[in-house]
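The values are calculated or read from the model by the stated rules, or taken from the named source; none is laboratory data. Everything numeric in this text was worked out from a predicted model, so none of it was measured. No Cβ is skipped: glycine too gets one built from the backbone with ideal geometry, and neighbour counts run over all protein chains shown.
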Amino acid sequence: MMKFPRQFSALILAVPLMSLLTAPGRLQAQEPEKPRMLFVTQSKGFVHNPVNRKNAERSGAELAMMQLAKDTGDFTVVCTQNVEADFTEENLENFDIIAFYTTGKLLISPETFEFFLKKWLPQKGNGVMGFHSATDTFKDFEPYWDLMGGTFNGHPWGANSTVTMQIHDLDHPGMKPFGGKQFEFKDEIYQYNHWQPEKVHLLMSLDMEHTQLKRPYHVPVAWCKKIGEGKLFYNNMGHRDETWTNKAFLGSITGAVLWIAGKEQGDATPNPEVSAAQQKASEEFAAAAGVTSTKLEAEKKAKAAAAAARRAAKEKQKKAGK
Ligand SMILES: [Zn+2]
(Lines give C-alpha, C1' and ligand atoms only; values in the text may rest on other atoms or scores of the structure.)
Protein backbone atom coordinates (compact mmCIF):
# COMPACT_ATOMS: atom_id res chain seq x y z
CA MET A 1 0.00 0.00 0.00
CA MET A 2 1.25 3.46 -0.84
CA LYS A 3 2.03 5.53 2.20
CA PHE A 4 1.55 9.25 2.26
CA PRO A 5 4.16 11.25 4.15
CA ARG A 6 2.75 12.14 7.53
CA GLN A 7 2.17 15.79 6.69
CA PHE A 8 -0.03 14.83 3.72
CA SER A 9 -2.14 12.39 5.65
CA ALA A 10 -2.48 15.00 8.39
CA LEU A 11 -3.62 17.49 5.75
CA ILE A 12 -6.20 15.09 4.34
CA LEU A 13 -7.56 14.64 7.84
CA ALA A 14 -7.37 18.32 8.61
CA VAL A 15 -9.49 19.44 5.63
CA PRO A 16 -12.80 17.86 6.70
CA LEU A 17 -11.96 18.69 10.32
CA MET A 18 -11.52 22.37 9.49
CA SER A 19 -15.24 22.79 9.04
CA LEU A 20 -15.84 21.24 12.45
CA LEU A 21 -13.14 22.97 14.42
CA THR A 22 -13.00 26.64 14.91
CA ALA A 23 -9.94 26.78 17.18
CA PRO A 24 -6.95 27.52 14.92
CA GLY A 25 -4.62 25.84 17.41
CA ARG A 26 -5.98 22.44 16.38
CA LEU A 27 -4.30 22.76 13.00
CA GLN A 28 -0.98 22.02 14.68
CA ALA A 29 -1.64 18.44 13.55
CA GLN A 30 -0.27 19.49 10.16
CA GLU A 31 3.23 19.78 11.59
CA PRO A 32 5.40 16.75 10.83
CA GLU A 33 5.94 14.74 13.98
CA LYS A 34 9.50 15.20 15.19
CA PRO A 35 10.85 14.38 18.64
CA ARG A 36 10.91 17.56 20.70
CA MET A 37 13.95 17.86 22.94
CA LEU A 38 14.39 20.04 26.01
CA PHE A 39 18.17 20.47 26.42
CA VAL A 40 18.92 21.30 30.07
CA THR A 41 22.41 22.72 30.64
CA GLN A 42 22.06 24.32 34.06
CA SER A 43 25.10 24.02 36.35
CA LYS A 44 24.63 24.10 40.10
CA GLY A 45 28.15 22.75 40.59
CA PHE A 46 31.12 22.93 38.23
CA VAL A 47 30.38 24.90 35.05
CA HIS A 48 31.75 23.11 32.00
CA ASN A 49 32.99 25.27 29.17
CA PRO A 50 30.64 23.84 26.52
CA VAL A 51 27.59 24.86 28.61
CA ASN A 52 28.98 28.21 29.79
CA ARG A 53 27.03 30.97 28.06
CA LYS A 54 29.49 33.62 29.31
CA ASN A 55 28.04 36.80 27.80
CA ALA A 56 26.42 35.12 24.84
CA GLU A 57 22.81 34.07 24.53
CA ARG A 58 23.74 30.41 24.00
CA SER A 59 26.65 28.19 24.97
CA GLY A 60 28.70 26.08 22.56
CA ALA A 61 26.89 22.83 23.33
CA GLU A 62 23.51 24.55 22.96
CA LEU A 63 24.49 26.01 19.58
CA ALA A 64 25.79 22.60 18.51
CA MET A 65 22.50 20.91 19.48
CA MET A 66 20.43 23.59 17.71
CA GLN A 67 22.57 23.28 14.58
CA LEU A 68 22.32 19.47 14.68
CA ALA A 69 18.52 19.65 14.92
CA LYS A 70 18.46 22.07 11.99
CA ASP A 71 20.95 20.16 9.81
CA THR A 72 19.37 16.73 10.28
CA GLY A 73 15.74 17.85 10.45
CA ASP A 74 15.26 14.86 12.74
CA PHE A 75 14.23 16.68 15.90
CA THR A 76 13.56 20.08 17.41
CA VAL A 77 15.27 21.50 20.48
CA VAL A 78 14.55 24.09 23.13
CA CYS A 79 17.47 25.01 25.42
CA THR A 80 17.18 25.98 29.05
CA GLN A 81 19.37 26.77 32.01
CA ASN A 82 16.38 27.37 34.21
CA VAL A 83 14.73 24.20 35.52
CA GLU A 84 12.67 26.21 38.01
CA ALA A 85 10.76 27.72 35.09
CA ASP A 86 11.00 24.96 32.48
CA PHE A 87 11.15 21.61 34.25
CA THR A 88 7.52 21.63 35.35
CA GLU A 89 4.79 19.00 35.01
CA GLU A 90 3.00 21.28 32.58
CA ASN A 91 6.00 22.02 30.38
CA LEU A 92 7.28 18.43 30.27
CA GLU A 93 4.20 17.60 28.22
CA ASN A 94 5.60 19.80 25.44
CA PHE A 95 8.59 17.49 25.01
CA ASP A 96 9.49 13.90 24.12
CA ILE A 97 13.14 13.98 25.20
CA ILE A 98 14.77 15.67 28.18
CA ALA A 99 18.55 15.86 27.70
CA PHE A 100 20.76 16.71 30.68
CA TYR A 101 24.25 18.21 30.58
CA THR A 102 24.07 19.56 34.11
CA THR A 103 25.87 19.56 37.46
CA GLY A 104 24.91 19.72 41.11
CA LYS A 105 21.67 19.93 42.96
CA LEU A 106 19.18 21.34 40.47
CA LEU A 107 16.07 23.00 41.84
CA ILE A 108 13.65 20.28 40.83
CA SER A 109 11.32 19.28 43.64
CA PRO A 110 11.04 15.58 44.57
CA GLU A 111 7.34 15.75 43.59
CA THR A 112 8.09 17.07 40.09
CA PHE A 113 10.85 14.51 39.72
CA GLU A 114 8.46 11.75 40.76
CA PHE A 115 5.97 12.88 38.11
CA PHE A 116 8.79 12.93 35.55
CA LEU A 117 10.02 9.46 36.50
CA LYS A 118 6.74 7.65 37.10
CA LYS A 119 4.27 9.35 34.79
CA TRP A 120 6.11 11.20 32.02
CA LEU A 121 9.09 8.96 31.29
CA PRO A 122 7.48 5.50 31.00
CA GLN A 123 5.41 6.63 27.99
CA LYS A 124 6.23 5.35 24.54
CA GLY A 125 8.37 7.82 22.57
CA ASN A 126 9.60 9.61 25.68
CA GLY A 127 13.18 9.44 26.85
CA VAL A 128 16.03 10.91 28.81
CA MET A 129 19.49 11.64 27.49
CA GLY A 130 22.51 12.28 29.68
CA PHE A 131 25.77 13.80 28.56
CA HIS A 132 28.96 13.86 30.59
CA SER A 133 28.19 15.49 33.97
CA ALA A 134 24.55 14.41 33.87
CA THR A 135 25.98 11.78 36.23
CA ASP A 136 27.54 14.55 38.38
CA THR A 137 24.05 15.89 39.10
CA PHE A 138 21.83 15.10 42.12
CA LYS A 139 24.55 12.83 43.51
CA ASP A 140 22.71 12.24 46.78
CA PHE A 141 19.26 11.84 45.29
CA GLU A 142 18.68 8.15 44.70
CA PRO A 143 15.76 8.37 42.23
CA TYR A 144 18.02 10.43 39.94
CA TRP A 145 21.17 8.31 40.11
CA ASP A 146 19.11 5.17 39.87
CA LEU A 147 17.62 6.58 36.67
CA MET A 148 20.98 7.65 35.20
CA GLY A 149 22.66 4.39 36.18
CA GLY A 150 25.79 5.78 37.81
CA THR A 151 27.25 8.65 39.84
CA PHE A 152 30.49 10.52 39.19
CA ASN A 153 33.35 9.26 41.33
CA GLY A 154 36.38 11.10 40.00
CA HIS A 155 38.03 11.22 36.59
CA PRO A 156 41.51 9.65 36.58
CA TRP A 157 41.49 10.33 32.80
CA GLY A 158 41.61 14.14 32.67
CA ALA A 159 40.39 16.46 29.92
CA ASN A 160 43.63 16.21 27.95
CA SER A 161 43.97 12.47 27.96
CA THR A 162 43.54 10.48 24.80
CA VAL A 163 41.86 7.19 25.59
CA THR A 164 40.74 4.18 23.60
CA MET A 165 37.06 3.28 23.61
CA GLN A 166 35.54 -0.08 22.94
CA ILE A 167 32.01 -0.39 21.55
CA HIS A 168 29.96 -3.40 22.59
CA ASP A 169 26.93 -2.94 20.35
CA LEU A 170 27.75 -1.44 16.96
CA ASP A 171 24.20 -2.02 15.74
CA HIS A 172 22.78 0.47 18.22
CA PRO A 173 21.83 3.73 16.46
CA GLY A 174 23.66 5.68 19.18
CA MET A 175 26.91 3.79 18.51
CA LYS A 176 26.91 3.25 14.72
CA PRO A 177 28.33 6.72 13.95
CA PHE A 178 31.58 5.88 15.79
CA GLY A 179 32.25 3.59 12.86
CA GLY A 180 34.11 0.70 14.46
CA LYS A 181 34.58 -1.46 17.50
CA GLN A 182 37.47 0.66 18.72
CA PHE A 183 38.42 4.30 18.43
CA GLU A 184 40.63 6.85 20.13
CA PHE A 185 39.14 9.94 21.68
CA LYS A 186 40.33 12.93 23.68
CA ASP A 187 37.95 13.65 26.52
CA GLU A 188 37.56 13.50 30.30
CA ILE A 189 36.46 10.04 31.44
CA TYR A 190 34.57 9.37 34.66
CA GLN A 191 34.51 6.39 36.93
CA TYR A 192 31.27 5.72 38.81
CA ASN A 193 29.57 4.91 42.06
CA HIS A 194 26.19 3.18 41.89
CA TRP A 195 27.02 1.43 38.61
CA GLN A 196 24.22 -1.11 38.05
CA PRO A 197 25.21 -3.46 35.22
CA GLU A 198 22.17 -5.67 35.79
CA LYS A 199 19.86 -2.78 34.83
CA VAL A 200 21.51 -1.42 31.69
CA HIS A 201 22.54 -2.34 28.17
CA LEU A 202 26.24 -1.44 28.11
CA LEU A 203 27.20 0.23 24.84
CA MET A 204 30.75 1.51 25.32
CA SER A 205 33.63 1.08 27.77
CA LEU A 206 37.13 2.36 28.24
CA ASP A 207 39.43 -0.11 26.49
CA MET A 208 41.80 -0.89 29.35
CA GLU A 209 44.19 -2.79 27.11
CA HIS A 210 44.90 0.17 24.84
CA THR A 211 44.40 3.08 27.26
CA GLN A 212 47.66 4.20 28.82
CA LEU A 213 46.46 4.94 32.36
CA LYS A 214 45.13 1.65 33.67
CA ARG A 215 42.75 0.84 36.48
CA PRO A 216 41.88 -2.65 37.72
CA TYR A 217 38.14 -2.18 37.21
CA HIS A 218 35.59 -1.76 34.45
CA VAL A 219 34.97 1.81 33.33
CA PRO A 220 31.66 2.09 31.45
CA VAL A 221 31.32 5.06 29.06
CA ALA A 222 27.90 4.79 27.41
CA TRP A 223 24.78 2.75 28.10
CA CYS A 224 21.04 2.67 27.60
CA LYS A 225 17.95 1.14 29.16
CA LYS A 226 14.18 1.09 29.06
CA ILE A 227 11.98 2.59 31.75
CA GLY A 228 8.51 1.22 31.06
CA GLU A 229 7.96 2.18 27.41
CA GLY A 230 10.39 5.10 27.77
CA LYS A 231 14.14 5.04 27.26
CA LEU A 232 17.43 6.38 28.62
CA PHE A 233 20.66 6.96 26.72
CA TYR A 234 23.78 8.16 28.51
CA ASN A 235 27.22 9.03 27.14
CA ASN A 236 30.13 10.18 29.34
CA MET A 237 31.67 12.09 26.43
CA GLY A 238 31.22 15.86 26.13
CA HIS A 239 33.61 17.58 28.54
CA ARG A 240 35.64 19.27 25.82
CA ASP A 241 34.42 21.95 23.38
CA GLU A 242 35.90 19.86 20.57
CA THR A 243 33.61 16.95 21.39
CA TRP A 244 30.63 19.11 20.46
CA THR A 245 31.99 19.61 16.93
CA ASN A 246 32.98 15.95 16.49
CA LYS A 247 30.94 14.39 13.69
CA ALA A 248 30.77 10.91 15.24
CA PHE A 249 29.64 12.28 18.61
CA LEU A 250 26.98 14.48 17.00
CA GLY A 251 25.88 11.53 14.85
CA SER A 252 25.49 9.43 17.99
CA ILE A 253 23.16 12.08 19.45
CA THR A 254 20.93 11.95 16.37
CA GLY A 255 21.03 8.15 16.44
CA ALA A 256 19.99 8.09 20.09
CA VAL A 257 17.17 10.58 19.45
CA LEU A 258 15.78 8.40 16.64
CA TRP A 259 16.15 5.33 18.85
CA ILE A 260 14.20 6.97 21.70
CA ALA A 261 11.53 8.04 19.20
CA GLY A 262 11.24 4.45 17.96
CA LYS A 263 12.26 5.49 14.44
CA GLU A 264 15.40 3.37 14.58
CA GLN A 265 15.80 0.03 16.32
CA GLY A 266 18.39 -0.73 18.98
CA ASP A 267 18.70 -3.27 21.77
CA ALA A 268 18.26 -2.21 25.41
CA THR A 269 18.40 -5.67 27.00
CA PRO A 270 20.56 -5.62 30.14
CA ASN A 271 23.92 -7.29 29.43
CA PRO A 272 25.68 -7.60 32.82
CA GLU A 273 27.83 -10.39 31.37
CA VAL A 274 29.57 -7.80 29.16
CA SER A 275 30.37 -5.67 32.24
CA ALA A 276 31.64 -8.77 34.05
CA ALA A 277 33.96 -9.63 31.14
CA GLN A 278 35.18 -6.01 31.07
CA GLN A 279 35.85 -6.15 34.81
CA LYS A 280 37.96 -9.28 34.40
CA ALA A 281 39.85 -7.90 31.39
CA SER A 282 40.53 -4.60 33.18
CA GLU A 283 41.92 -6.43 36.21
CA GLU A 284 44.23 -8.46 33.96
CA PHE A 285 45.49 -5.58 31.81
CA ALA A 286 46.04 -3.37 34.85
CA ALA A 287 47.85 -6.15 36.75
CA ALA A 288 50.12 -6.73 33.74
CA ALA A 289 51.05 -3.02 33.96
CA GLY A 290 51.67 -3.33 37.71
CA VAL A 291 48.42 -1.61 38.76
CA THR A 292 46.39 -3.49 41.39
CA SER A 293 43.67 -2.43 43.84
CA THR A 294 46.03 -3.16 46.77
CA LYS A 295 48.62 -0.82 45.27
CA LEU A 296 46.03 1.90 44.52
CA GLU A 297 44.64 1.60 48.06
CA ALA A 298 48.16 1.96 49.53
CA GLU A 299 48.80 5.04 47.34
CA LYS A 300 45.50 6.57 48.46
CA LYS A 301 46.37 5.98 52.13
CA ALA A 302 49.87 7.46 51.68
CA LYS A 303 48.36 10.53 50.00
CA ALA A 304 45.83 10.99 52.81
CA ALA A 305 48.59 10.59 55.43
CA ALA A 306 50.77 13.19 53.66
CA ALA A 307 47.85 15.63 53.53
CA ALA A 308 47.12 15.08 57.25
CA ALA A 309 50.81 15.68 58.08
CA ARG A 310 50.79 18.94 56.09
CA ARG A 311 47.65 20.11 57.92
CA ALA A 312 49.22 19.24 61.31
CA ALA A 313 52.43 21.13 60.43
CA LYS A 314 50.37 24.18 59.41
CA GLU A 315 48.41 24.04 62.68
CA LYS A 316 51.66 23.85 64.64
CA GLN A 317 53.09 26.82 62.75
CA LYS A 318 49.94 28.84 63.45
CA LYS A 319 50.12 28.11 67.17
CA ALA A 320 53.85 28.91 67.28
CA GLY A 321 53.14 32.23 65.57
CA LYS A 322 50.68 33.36 68.26
ZN1 LIG B 1 34.03 17.27 32.93
- Task: Looking at (1) surrounded by fewer than 17 Cβ atoms within 10 Å (Cβ to Cβ); (2) among the aromatic types (Phe, Trp, Tyr); (3) part of a loop (DSSP other than H, G, I, E, B), find the lone condition where Phe183 falls short.
- Result: (3)
- Query: Does the stretch 257-272 contain any residue that is assigned to a helix (DSSP H, G or I) and farther than 25 Å from Leu68 by Cα?
  - Reply: yes
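Looking only at helices (runs of 4 or more DSSP H) that fall completely inside the stretch 5-113, which ones have 1 or more residues that are modelled with pLDDT of 95 or more, assigned by TED's automatic domain parsing to the domain that holds Asn153 and of a type in the set (Gly, Ala, Ser)?
Values: elements: 6-18, 60-72, 83-86, 89-92.
Where helices (runs of 4 or more DSSP H) fall fully within the stretch 5-113 and carry at least 1 residues being modelled with pLDDT of 95 or more, assigned by TED's automatic domain parsing to the domain that holds Asn153 and of a type in the set (Gly, Ala, Ser), they are 60-72, 83-86.
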- Residues located in the stretch 120-163, provided they are surrounded by fewer than 16 Cβ atoms within 10 Å (Cβ to Cβ), in contact (Cβ under 8 Å) with a residue 24 or more places away in the chain and outside any loop (DSSP other than H, G, I, E, B): Pro143, Asp146, Thr162
- Task: Considering (1) surrounded by fewer than 23 Cβ atoms within 10 Å (Cβ to Cβ); (2) away from the ligand (no atom under 16 Å from the Cβ), say which one Cys224 fails and leave the rest.
- Result: (1)
- Task: For the stretch 279-296, state whether one or more residues are in a helix (DSSP H, G or I), loosely packed, with under 13 Cβ neighbours inside 10 Å and modelled with pLDDT under 95.
- Result: yes
- Task: Within the stretch 64-82, track down each residue that is buried (at least 20 other Cβ atoms within 10 Å of the Cβ) and either farther than 21 Å from Asp241 by Cα or basic (Lys, Arg) (or both).
- Result: Phe75
- Query: When residues of the stretch 187-212 are filtered for being away from the ligand (no atom under 16 Å from the Cβ) and not in a strand (DSSP E or B), how many remain?
  - Reply: 13
